[in-house]
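Novice: Handing you a structure now.
The values are calculated or read from the model by the stated rules, or taken from the named source; none is laboratory data. Keep in mind that this is a model prediction, so the values were computed, not measured. Methodologically, a virtual Cβ is constructed for each residue, glycine included, from the backbone with ideal geometry; neighbour enumeration extends over all protein chains shown. For the accessible areas, the whole protein counts, side chains as well, though only heavy atoms, and no ligand, DNA or RNA atoms are used. Shrake-Rupley method; radii C 1.70, N 1.55, O 1.52, S 1.80 Å.
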Amino acid sequence: MSRKKAAGAVLAAVVAGFGLSSLAAAGRVAEVDRSALARKQEALTAEYGLAKDANFYFVFDVEGRKIELRVKGMVLRSWHIAGMRFWGRPDFAGTVALARKTTLKAPERIIIKPGQEESLVKVPAAKPAAGQAVTPATSADYDLEALELRDMPGKFSLDFDNGLHVTIRARSGEAPGLAARLKDAWRWYVAMPLSPVVGKGRAKTRPELELVFEDEKDPQAIYWHFFDGIKGIIL
Amino acid sequence: MVIKRLLLAAAALAALGFLAVFGASYFIGLKAASAWPVRIPPIAEKDVAKVEKNVQQIEKRLAGMLPKGLYIVIDTAANRLYLKNGEQVLREAVVSCGSGVVLEEPGGKKRSWVFDTPRGEFSVKNKITNPYWVKPDWAFIEEGEKIPRGMEDRIEAGTLGDYALGFGQGFFIHGTLYTRLLGRNVTHGCVRVGDEDLKFVFKSVSVGTKIYIY
């Protein structure tokens with residue numbers, strides 16, 4: 001009899017335990033939902049402000065692992081983020097604007113000055129002779145004097161007006177050397193965490209975000225489409 | 001001997017201290033670098049219904065901003081044109097957009113032109129069948145020719161293909177003789193489209209159709 005009682009007590013305790021844990025889990029879910037709702041409201045409010053006019057804007061959906069170029073709430077282009085690292089806590093409230101694009105070698109426009117020696121560039125749109133058949137060919141056959149996507153850098157950084165510094169690069173362009181990896185590990189995992197303690201002060205503790213993309217064309221396209229002053233939101 | 005031991009102990013302590021700081025910073029850095037900060041506090045239970053209603057209203061307003069009916073989207077980097085209706089892509093065409101080249105006029109006037117396709121929201125201003133190209137000054141300067149005085153010397157037939165859609169400031173979506181260059185950035189700012197795609201787009205859209213160029 002006492003064994004039965006003990007077994008019953010154990011069963012009751014287990015059931016009660018399950019019940020309590022379920023209640024706690026439900027509470028956590030509700031908490032998560034309320035956080036998500038708060039985030040959604042803030043993101044939509046910020047986007048609505050940007051979508052009111054006809055200007056393009058971006059959405060850095062870091063949690064959703066994507067960057068989007070939009071206009072009036074419509075997604076024009078979307079790039080999947082393959083990897084990311086983050087340091088610091090910037091102020092994300094509302095919208096941000098791109099203050100500066102920085103790269104080691106910025107693409108340069110070709111300048112044509114007719115009549116001068118240096119202006120002897122191939123004009124890509126040169127007309128064929130009248131009646132001459134146009135032969136379709138692959139784009140690789142023409143080395144054009146033009147500023148194209150492939151001329152854009154595969155690695156660059158974006159500085160926003162809220163102080164956020166974003167480095168964008170492609171995984172394929174990664175330097176695999178040991179020295180480069182050590183330097184990278186030192187910077188991200190030692191220098192940055194130590195900088196508030198032993199660094200030169202707050203200047204070194206700016207928030208940083210590193211975004212990595214699978215295809216090199218993705219950073220190049222982002223460089224192409226993100227012009228100085230473009231506004232956006234960071235989620 | 002004692003001094004030597006003391007020095008050794010001090011060195012060992014310094015090394016341990018360095019390792020501790022190094023390890024701690026590595027741990028902190030690893031943690032911080034892999035977690036996106038959660039910054040917005042959850043809304044209060046009593047405000048949930050109100051916020052949900054607000055979210056629905058904003059979503060509705062945003063959806064109302066989307067272009068109605070057919071519209072054209074042009075990606076200047078990928079040299080692609082999309083004819084869309086809502087989310088549906090009715091036609092995708094390989095096109096040629098602006099080369100980004102700068103042309104500088106020699107001599108006294110020193111004018112310059114940047115051959116970019118303009119970006120932003122536009123609309124179809126006019127639809128022209130069998131368009132003529134009225135060559136602007138830069139077309140003559142680029143070819144090293146003298147700029148003519150009479151309008152008749154500026155008119156060129158056939159260059160723009162069978163159709164043209166004007167979207168303002170002298171820019172057109174038009175045909176091309178140089179189909180082998182479709183997919184490349186070669187134009188002076190206009191958008192060149194292949195014959196079949198151009199015919200489809202031209203027949204589909206009307207004056208006022210929105211054009212988004214990015």
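Novice: Which pairs break 28 Å Cα to Cα here: A:K217/B:K199; B:K84/B:K127; A:K40/A:K231? Write out the running numbers ahead of the final one.
Specialist: Numbers: A:K217/B:K199 31 Å; B:K84/B:K127 18 Å; A:K40/A:K231 19 Å.
Long pairs (Cα-Cα over 28 Å): A:K217/B:K199.
Novice: Lys/Arg Cβ at +1, Asp/Glu Cβ at -1, dipole of chain B taken about the Cα centre: which of B:V114, B:F18, B:V51 is farthest positive-ward?
Specialist: Comparing the listed Cα positions along the dipole, B:F18 ranks first.
Novice: Quick check: the angle from helix B:48-65's long axis to the longest principal axis of chain B, C-alpha only, nearest 10 degrees?
Specialist: 30
Novice: If packing is taken as the mean number of other Cβ atoms within 10 Å per residue, what is the order of A:103-114, A:206-217, B:182-193, highest first?
Specialist: Output ranking for A:103-114, A:206-217, B:182-193: B:182-193, A:206-217, A:103-114.
Novice: Sticking with this one: What distance in nm separates the simple spin-label points at A:R65 and A:T103, each placed 7 Å from Cα in the Cβ direction?
Specialist: 2.6
Novice: How far apart, in nm, are two points set 7 Å out from the Cα along the Cα-to-Cβ line at B:E92 and at B:K125?
Specialist: Once both label points are built, they end up 3.1 nm from each other.
Novice: Okay, next question. Evaluate the Debye formula for the stretch B:68-213 with equal point scatterers sitting on the alpha carbons, no solvent, and hand back log10 of I(q)/I(0) at q = 0.10, 0.17, 0.22 Å⁻¹, in q order, two decimals.
Specialist: Calculated log10 I(q)/I(0) at the listed q: -0.34, -0.94, -1.46.
Novice: While we're on this one: Which part of the stretch B:158-173 falls in the paramagnetic zone of A:A54, meaning amide N under 16 Å from the point 7 Å along Cα-to-beta-carbon?
Specialist: Those under the cut-off are B:166-173.
Novice: Now a separate question. Add -39500 (n - 2.57) for each DSSP H run of 4 or more in chain B, then divide by its residues: what number comes out at 222 nm, to the nearest 500 deg cm²/dmol?
Specialist: Roughly -10500 deg cm²/dmol at 222 nm, from the helical runs in chain B.
Novice: Hey, got the average number of other protein chain Cβ atoms within 10 angstrom for residues in B:65-76?
Specialist: 3
Novice: Work out the mean other chain Cβ neighbour count within 10 Å for the residues of B:165-177 and drop it here as an integer. Walk me through the numbers on the way to the answer.
Specialist: Numbers: counts 0, 0, 0, 0, 0, 0, 0, 0, 0, 0, 0, 2, 6.
For peptide B:165-177, the averaged partner shielding equals 1.
Novice: Just to be sure I understand: if you take the accessible area of chain B alone plus chain A alone and subtract the pair, with a 1.4 Å probe, what total do you get in Å², rounded to 100?
Specialist: 6400
Novice: Given R₀ = 35 Å, FRET efficiency for A:A36-A:A191 by Cβ-Cβ distance, to 0.05?
Specialist: Numbers: r = 34 Å, r/R0 = 0.98.
So the FRET efficiency works out to roughly 0.50.
Novice: Would you mind classifying the stretch B:61-129 by shape? Square roots of the alpha carbon gyration tensor eigenvalues, ordered a ≥ b ≥ c; an a/c under 1.5 is rounded, otherwise it is prolate if a/b is larger than b/c and oblate if not.
Specialist: It comes out prolate by the Cα gyration axes.
Novice: If you don't mind, another one. Tell me which of B:I74, B:V95, B:L6 sits at the most positive position along the dipole axis of chain B, charges placed on C-beta atoms (Lys, Arg +1; Asp, Glu -1).
Specialist: After comparing all options, I get B:L6.
Novice: Under the Karplus relation 6.51 cos²θ - 1.76 cosθ + 1.60, θ = phi - 60°, what is the ordered set of whole-Hz ³J(HN,Hα) values for the stretch A:63-72, x standing for Gly and Pro?
Specialist: 5, x, 6, 7, 10, 10, 9, 10, 9, 6
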